[in-house]
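The next block holds one structure in the form of structure tokens; read it before the comments.
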Amino acid sequence: MMAMTLTIVITTLLCILSTASCGRVIVGARTEISDVGTNKEVQELGKFAVKEYNYKQGLNNGGGGEGLKFVEVVEAEQQVVSGMKYYLNISAVDHNGVQRMFNSVVVVKPWLHQYKKVIHFGPSSTFHQHTTM
């Protein structure tokens with residue numbers, strides 16, 4: 001009788017623990033965003049990152065020349081921090097018409113006035129390029 005009760009208690013606890021751990025986002029863990037191509041928020045963050053990069057380079061603010069032209073975010077991950085941190089792999093075309101890959105990290109804190117901030121933008125370490133027509 002006692003063995004059966006102990007088995008039921010252990011089984012119940014295991015079920016509760018496995019249910020509680022499934023489907024939760026763990027703070028600090030990076031998770032892949034699977035619907036990148038159709039995810040409007042992620043694509044808008046990619047456009048924002050390219051725009052901010054161009055602005056900081058002075059290319060769209062009277063600095064002369066042309067900046068990068070956003071194509072799409074091709075891969076993305078998110079990380080729960082104080083807000084949400086997005087790791088984006090962005091395809092963009094440079095002033096020579098060459099499509100290049102860039103890595104960007106954008107932090108979103110919706111409760112702040114300036115709630116989006118690009119904290120990194122640079123050429124991808126897995127560099128792919130080809131000329132667009």
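The values are calculated or read from the model by the stated rules, or taken from the named source; none is laboratory data. Since we're looking at a predicted model, the values are computed, not measured. Neighbour counts run over all protein chains shown; Cβ positions are idealised from the backbone, glycine included.
For this structure, a couple of remarks:
- Selected residue (only one of V71, V42, V50 is at pLDDT 95 or above, assigned to a helix (DSSP H, G or I), more than 25 Å from G28 (Cβ to Cβ) and not aromatic (F, W, Y)): V50
- Residue within segment 20-36 that is in a helix (DSSP H, G or I), modelled with pLDDT under 95 and loosely packed, with under 10 Cβ neighbours inside 10 Å present: yes
- Boolean, H120 is at pLDDT below 95 and either part of a strand (DSSP E or B) or in contact with a Lys or Arg (Cβ under 9 Å, 6 or more places away or on another chain) (or both): no
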